[in-house]
Amino acid sequence: MAETATIPASGFNQLNPRQKISVAVGVAALIALLVSVWMWGQTPDYRVLFSNISERDGGAIIESLEQLNIPYKFSEGGGAVMVPSNLVYETRLKLATQGLPKGGTVGFELMENQKFGISQFAEQVNYQRALEGELARSVQSIAAVASARVHLAIPKPTVFVKEQQKPSASVVLTLNGGRFLDPAQVSAIVHLISSSVPEMSAKNVTVVDQSGTLLSANTDNITNSGLDANQLKYVRQIEQNYVQRVEAIVSPIVGQANVRAQVTADIDFSQTEQTAETYKPNQDKADGTVRSLQTVDTTNSSTTAGGVPGALSNQPPVPATAPIVANANSANNPAVTPISAHKESTVNYEVDRTIRHTTLPVGMIKRLSVAVVVNNRKVTDAKGKVSFKPLTDAEKTQINDLVRDAMGFDANRGDTLNVQNAAFNLDKEVVEEIPLWKQPDIVDLAKDVAKYLLIAIIMMIVIFGVIKPALRPLITVPEKEDEEHHDEAGGAKGGIDITEGDDFTQSDGEIPQQPAVQPYEQGLQAARQIAQDDPRIVASVIKDWVNGNE
């Protein structure tokens, strides 16, 4: 015996109006769902084109997008303009050729359209606005800065020296999310502003971020200490070089992972100039170089005075006559005797003088402090068991001497060295793995799978929850029949089921044609008969339905 399900030709017409409406609604919902899925797949994914733009730039950008036939929409609150993700970079390049966005600030292009007859005050205000805009654009070129506003306070010029005031500036920065400015960058902004305005000093520039934090306060410490970013970088480089030297000389002995070194360098960045003038002692006369020589030799001599003093002594002398040569020892002619003799000699030698002008180099090492930690030695016994033992005194001395030579130890300079032997804690650092559901690629894939899974669930609900129950009455299951006594011809022609035991023969031997009774009508008639015969059974069945029992 076999059961077959067939759908009559006029099955849809046999449904009651409520079932027809259910089928129509289900088919319409299925079609609408398919159309929605197709439109959902065709809808582009929008990404941010520009955010935090001014109203003027926003209007110009929208106008350009409409001319380029690029679809766009606004984010919640209108804070950003969004375009399809596949057109973001192309659109940015096209708008950049048009000078968009301009950043909401005006520069010296404000001076291009000067009206005739403009007052001097208005011209000065426009110049100040243009200067502020140009400085803001320059500050915005820094990667960490999203936007900037510059306010200049330029006093009026005066001819009185006592009444002159220095200009000042205030800068408000809006930093990108998660970004910050180090003191060197803030100092660069301060010097950029101060050097762009005449007679403005760096002390008169104030820099504040969007949180109200005073950033320019850190630059005062750098200025007072005399150290800038380059000098700090130089100190770190010197220290790192010494660390590499120490580890490179000790690693072949104890292993690469068994030595740690730290170096602290005291660097002198002061600029010193020295000028020295020295004189050598006077040298010997034979070896010295004579600069000048002066000799004075004076001799005074006199004879016995003769004649009568008086008027004749004041008269000019008479012509001389040759005296009679006489013996010098003669008593009649006494000898001339000197009265005094003076001799003076002055010798000036060249003085040896040395003038030395010395400029000491900047960045000299004043002092080094080195600390080295060495791990215990790894020892493997005959059984293959690994253990760690402290270093011997000879090994410590050897490592200490090597480090001294590597660092260039100088006791006069005040260098210190400390070498210690200790057991290292070599526990591996536990790296936190990113969960699978937090990885960007997995999240995007999960979103796509969830989207299509949701569509499939909705389609199944519509088909099996709405359409199939509405079409269930159209499916008929014929009664069981005996295949051996089934008349294929009669069943094909009239759809009559012949069951064993039924007597359909007539006098002429022909089988009468009887209309086939629908199982639904038979079941309905049987249910009515049972209800009439025993109403308690029907009441019990209805009670079970109400209670939810099957």
Exercise. Mind listing the phi-derived Karplus ³J(HN,Hα) values for the stretch 246-260, rounded to whole Hz, using 6.51, -1.76 and 1.60 with θ = phi - 60°, and x for any glycine or proline?
Worked result: 5, 5, 5, 8, 9, 4, x, 8, 10, x, 5, 8, 10, 9, 10
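Using per-residue counts of other Cβ atoms within 10 Å, averaged over each peptide, order 378-388, 530-540 from highest down. Walk me through the numbers on the way to the answer.
Working: 378-388: 8.5, 530-540: 10.9.
The densest-packed peptide leads the list: 530-540, 378-388.
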Problem set entry | Long-range HN-HN contacts of Phe424 with modeled amide H, under 5 Å | Asn376
For this session: Take the Cβ-Cβ distance between Gln98 and Ala143 as r, set R0 to 22 Å, and report the resulting FRET efficiency rounded to the nearest 0.05.
Result: 0.40
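Among the listed pairs Lys366/Lys396; Lys233/Lys389; Lys94/Lys451; Lys115/Lys162, which have their C-alpha atoms separated by more than 29 angstrom in this model?
Long pairs (Cα-Cα over 29 Å): Lys233/Lys389; Lys94/Lys451; Lys115/Lys162.
List the relative contact order of the stretch 78-157 as a percent without decimals, with contacts defined as Cα pairs under 8 Å and 6+ residues apart.
Once divided by the residue count of the stretch 78-157, the mean separation gives 24 percent.
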Exercise. How much of the accessible area of the stretch 104-169, in percent, comes from carbon and sulfur atoms when a 1.4 Å probe is used?
Worked result: 55 percent
Seminar exercise, completed: If amide H atoms are modeled at 1.01 Å from N in the peptide plane, then the residues at a separation of 5 or more from Leu49, or on another chain, having amide H under 5 Å from its own are Val81, Met82, Val83
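So for the stretch 367-428, Kirkwood radius off the Cα pairs, Stokes-Einstein at 25 °C and 0.890 mPa s: how many µm² s⁻¹?
On the way: Rh = 13.5 Å.
It diffuses with D of about 182 µm²/s by this estimate.
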Exercise. Applying the Karplus parametrisation 6.51 cos²θ - 1.76 cosθ + 1.60 with θ = phi - 60° to the phi angles of the stretch 144-153, what ³J(HN,Hα) value in whole Hz is obtained for each residue in order, glycine and proline being reported as x?
Worked result: 7, 9, 7, 8, 8, 10, 10, 10, 10, 10
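Could you sort the peptides 411-422, 249-260 by per-residue average Cβ neighbour count (10 Å cutoff), highest mean leading? Can you show the working numbers first?
Numbers: 411-422: 12.8, 249-260: 15.4.
With the highest mean Cβ count within 10 Å placed first, the list reads 249-260, 411-422.
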Problem set entry | Mean accessible surface per residue for the stretch 146-224, computed with a 1.4 Å probe while every protein chain stays in place, in Å² | 64 Å²
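The values are calculated or read from the model by the stated rules, or taken from the named source; none is laboratory data. What you see is a predicted model; the values in this text were computed from it and never measured. Please note: Cβ atoms are built from the backbone with ideal geometry, for glycine as well, and neighbour counts cover all protein chains shown. Remember, those area values only see protein heavy atoms, side chains included, never the ligands or the DNA or RNA. Shrake-Rupley method; radii C 1.70, N 1.55, O 1.52, S 1.80 Å.
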